[in-house]
Amino acid sequence: MKKMSTLEIQYWEKYLETLTKQEHPINPNVEASFAGNKEITDELLQLYLSGRKTAGSSIVEDFMSAGDPLPKVGNYWIFLNSKNEPSCILKTVKIVMNKFRDVPVEIAIAEGEGDMSLEYWRKVHEEIYGPYLSEWGVSNIEEATVITEFFEIIYR
């Protein structure tokens, strides 16, 4: 996890100013990053801001190989646009894990991309994850463990 920039810290502090002292999270896990890659992050941001996208998925084995902690309910994400500017803050409200082969259509719908079909979700995520599978110790994408975070926009 990278250290937050001054701009990201200021954005988080602006959010905290909207809360009472009693509402301030205690020892929050706050991360600032863009979604996917910089080429598609603005498109994904618009999906979140419009309410069409309420979830995002990653591969558990990616976290494990990097030695990073798994996402958990209560985490905060400062969503950066393609210019590395904070655009909104999301809070993880639910976590679901499935083998890639078992991901249900509800995940594809919650991710809100393309035609929101499971076929589209599988195709796009195979393309995204495929090049990294061996690096993560996964020989077959169908066996990879997908962790899906459901988000709520709490500040913009």
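Every read-out reported here was derived from the displayed coordinates using simple, explicitly stated rules and does not represent laboratory data. Note that the structure is a prediction, hence the values are computed from the model and not measured. We place every Cβ from the backbone using ideal geometry, glycine too, and count neighbours over all the protein chains shown.
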>> Criterion first (surrounded by 14 or more Cβ atoms within 10 Å (Cβ to Cβ) and closer than 27 Å to Glu142 by Cα) does Glu61 satisfy it?
In response: yes
>> On the basis of being out of contact with any Ser or Thr (no Cβ under 6 Å at 6 or more places or on another chain), aliphatic (A, V, I, L, M) and without any contact (Cβ under 8 Å) to a residue 40 or more places away in the chain, does Leu19 make the cut?
In response: yes
> Restricting attention to segment 85-107, and to residues there that are within 15 Å of the chain's Cα centre (by Cα) and within 24 Å of Ser139 (Cβ to Cβ), which single residue is surrounded by the fewest Cβ atoms within 10 Å (Cβ to Cβ)?
Replying inline: Met97
> If only one of Gly51, Gly36 is surrounded by fewer than 12 Cβ atoms within 10 Å (Cβ to Cβ) and either on the phi > 0 side of the Ramachandran plot or in contact (Cβ under 8 Å) with a residue 24 or more places away in the chain (or both), which one is it?
Replying inline: Gly51
> If only one of Glu43, Glu31 is surrounded by 10 or more Cβ atoms within 10 Å (Cβ to Cβ), without any contact (Cβ under 8 Å) to a residue 12 or more places away in the chain and under 25 Å from Gly112 (Cα atoms), which one is it?
Replying inline: Glu43
